[in-house]
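The values are calculated or read from the model by the stated rules, or taken from the named source; none is laboratory data. Nothing here was measured: the structure is a model prediction, and the numbers come from that model. Every residue, glycine among them, receives a Cβ derived from its backbone with ideal geometry; neighbour counts consider all protein chains shown. All accessible areas refer to the heavy atoms of the entire protein, side chains included, with ligands and DNA or RNA removed. Shrake-Rupley method; radii C 1.70, N 1.55, O 1.52, S 1.80 Å.
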Amino acid sequence: MTPRRFPLHTLAAAATVAGMGFSAMSVQAADTIKVGVLHALSGTMAISETALKDMALMTIEDINAKGGVLGKKLEPVVIDTASNWPLAAEKAKQLISQDKVAVTFGCWTSVCRKSVLPVYEENNSLLFYPVQYEGEELSKNVFYTGAAPNQQAIPAVEYLMGEDGGNAKRWVLLGTDYVYPRTANKILRAFLKSKGVADKDIMEAYTPFGHSDYQTIVADIKKFAAGGKTAVISTINGDSNVPFYKELGNAGIKATDVPVVAFSVGEEELRGLDPKPLVGHLASWNYFMSVKNPTNDAWIKQWSAYAKAKNLPGQSTKPLTNDPMEATYVGIHMWKQAAEKAKSTEADKVIAAMAGQTFKAPSGFTLTMDAKNHHLHKPVLIGEIKADGQFNVVWKTKGPIKAQPWSPFIEGNDKKKDEPAKQ
């Protein structure tokens, strides 16, 4: 076959059009700042993460309505990790390399964060992580807007040890089998030992993601609790919380007998449960929807209007806010403030500008990004589950607490620096 020939003027015209197209595309791309929203919208973690995606979109829409960032509109690129951690890493690569996002807001589980972390570090891109976690990590490329163990887990155990919390002497450490619960429980076991608790007074158990049969474990808890005043520390994540709490109710375990304090159960997770048998059980967070202050009232009103306007499933009829939603909201606003201070969305310039950023949060406290360690100074609140699925705050700190990314209860951590290594 003879190769098809084109007249030179046709090729020149095509090149001109292609050039115009490329130029127009570049201008169009430059008109917006792309930001990644990376969450599990299907699979076992969707029960928790869908609301974070929606909160991110509401916050971005609100920022755009007020002029955007650096005079440009934010363009969200939403990705479903499908509760699949290797997939999350692939999607993170896509966000950075193909979509060219300036920043990503996302992940819930630590295994998701650990999977995507090398991607953000290798590409010098930014991840804002909005959920309480086990600590034992510091990265130049991550800002941790959820709680470290000393801002959630340790205060909760101290509360249960005290008179107000029931003077617990025996402890059940129950979690989903992955890095966050195992590391958090390693820290808690060391803390309990420092308080004189013997190994025989600690029961530890793990279940896989998506586990649904808690009959045997709850029976074991009941048997263990017969040996003295017992409390359960729950690091169960995702939709497994529903069958766990149902089984507690079936077994007649009341909060007055064996209180459960959860670190991954908030207002959204309680939506799928009958809260009446759970009244009095506890959760430890840095925010509850039930806190009363003008900032929270305005935020709940804004979220309710957004959920109704977008007809969000569940949220449009019963809008709920929770701690990781607040951390998402705060993180996006702090990134905006830092980009505007830096006059750039370039990672290194934003990182420098993030140090010391403050934001008046719905919790009623002004939160500060630590000058060095990429964690927020946050208040600690302990709430009791009420019959309406909300929380009654029974204890809180007077002000925000500085995060300890490296727990002092892990040997060797005293030698680690309270700031990420320069790369």
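Hey, can you tell me all the residues within segment 126-140 that are touching a residue at least 60 places away in the same chain (Cβ under 8 Å), outside any strand (DSSP E or B) and either charged (D, E, K, R) or open to solvent by less than 10 Å² (accessible area, probe 1.4 Å) (or both)?
126, 130, 131, 132, 135, 136, 137, 139, 140
Return the pairs, sorted by first residue and then second, in which the second residue is outside any helix (DSSP H, G or I) and of a type in the set (S, T, N, Q), the first residue lies in segment 266-287 and is within 12 Å of residue 320 (Cα to Cα), the beta carbons are less than 6 Å apart, and the residues are 6+ apart or on different chains.
266/322; 267/322; 268/322
Out of (1) free of Cβ contacts under 8 Å to residues at least 40 places away in the same chain; (2) within 19 Å of residue 330 (Cβ to Cβ); (3) not aliphatic (A, V, I, L, M), what's the single condition that is false for residue 54?
Condition not satisfied by residue 54: (1).
For segment 183-210, how many residues are in contact (Cβ under 8 Å) with a residue 40 or more places away in the chain and either over 22 Å from residue 132 (Cβ atoms) or crowded, with 17+ Cβ neighbours inside 10 Å (or both)?
Here is the first cut: in segment 183-210, the ones in contact (Cβ under 8 Å) with a residue 40 or more places away in the chain are 183-188, 190-191, 194, 209-210.
This time we only want the ones that are either over 22 Å from residue 132 (Cβ atoms) or crowded, with 17+ Cβ neighbours inside 10 Å (or both), so: 183-188, 191, 209.
Total satisfying the criteria: 8.
Any residue in segment 300-317 that is at positive phi and either touching a Leu at 6+ places or on another chain (Cβ under 9 Å) or of a type in the set (Phe, Trp, Tyr) (or both)?
Filtering segment 300-317 for residues at positive phi gives 311, 314.
Those left that are additionally either touching a Leu at 6+ places or on another chain (Cβ under 9 Å) or of a type in the set (Phe, Trp, Tyr) (or both): 314.
Among the residues of segment 300-317, at least one is at positive phi and either touching a Leu at 6+ places or on another chain (Cβ under 9 Å) or of a type in the set (Phe, Trp, Tyr) (or both), which makes the answer yes.
For segment 70-89: of the residues being in contact (Cβ under 8 Å) with a residue 40 or more places away in the chain and not in a strand (DSSP E or B), which is surrounded by the most Cβ atoms within 10 Å (Cβ to Cβ)?
Kept after step one, since they are in contact (Cβ under 8 Å) with a residue 40 or more places away in the chain, are these residues of segment 70-89: 70, 72-84, 88.
In the following step, the residues that additionally are not in a strand (DSSP E or B) were identified as 70, 81-84, 88.
Working: 70: 13, 81: 29, 82: 16, 83: 26, 84: 17, 88: 27.
Looking at the filtered set, the residue picked out is 81.
Name the residues in segment 157-189 that are part of a helix (DSSP H, G or I) and within 18 Å of the chain's Cα centre (by Cα), would you? Step through it out loud before you land on a result.
First, pick out the residues of segment 157-189 that are part of a helix (DSSP H, G or I): 157-161, 179-189.
Residues satisfying the conditions are 179, 180, 181, 182, 183, 184.
Answer yes or no as to whether residue 305 is small (Gly, Ala, Ser), out of contact with any helix residue (DSSP H, G or I) (no Cβ under 9 Å at 6 or more places or on another chain), more than 26 Å from residue 263 (Cα to Cα) and outside any loop (DSSP other than H, G, I, E, B). Please lay out each step first, then the result.
Numbers: small (Gly, Ala, Ser): yes; out of contact with any helix residue (DSSP H, G or I) (no Cβ under 9 Å at 6 or more places or on another chain): yes; more than 26 Å from residue 263 (Cα to Cα): yes; outside any loop (DSSP other than H, G, I, E, B): yes.
Answer is yes for this residue.
Could you give every pair whose Cβ atoms fall below 8 Å, whose first residue belongs to segment 391-405 and is within 20 Å of residue 369 (Cβ to Cβ) and crowded, with 18+ Cβ neighbours inside 10 Å, and whose second residue is at pLDDT 95 or above and of a type in the set (Lys, Arg), counting only separations of at least 6 or pairs across chains?
400/378; 401/378; 403/378
Restricting segment 229-247 to residues that are open to solvent by less than 30 Å² (accessible area, probe 1.4 Å) and within 29 Å of residue 408 (Cβ to Cβ), which is modelled with the lowest pLDDT?
237
Condition first: touching a Phe, Trp or Tyr at 6+ places or on another chain (Cβ under 9 Å) and surrounded by fewer than 24 Cβ atoms within 10 Å (Cβ to Cβ). Now tell me which residues in segment 141-156 satisfy that.
Passing the criteria: 141, 142, 154, 155.
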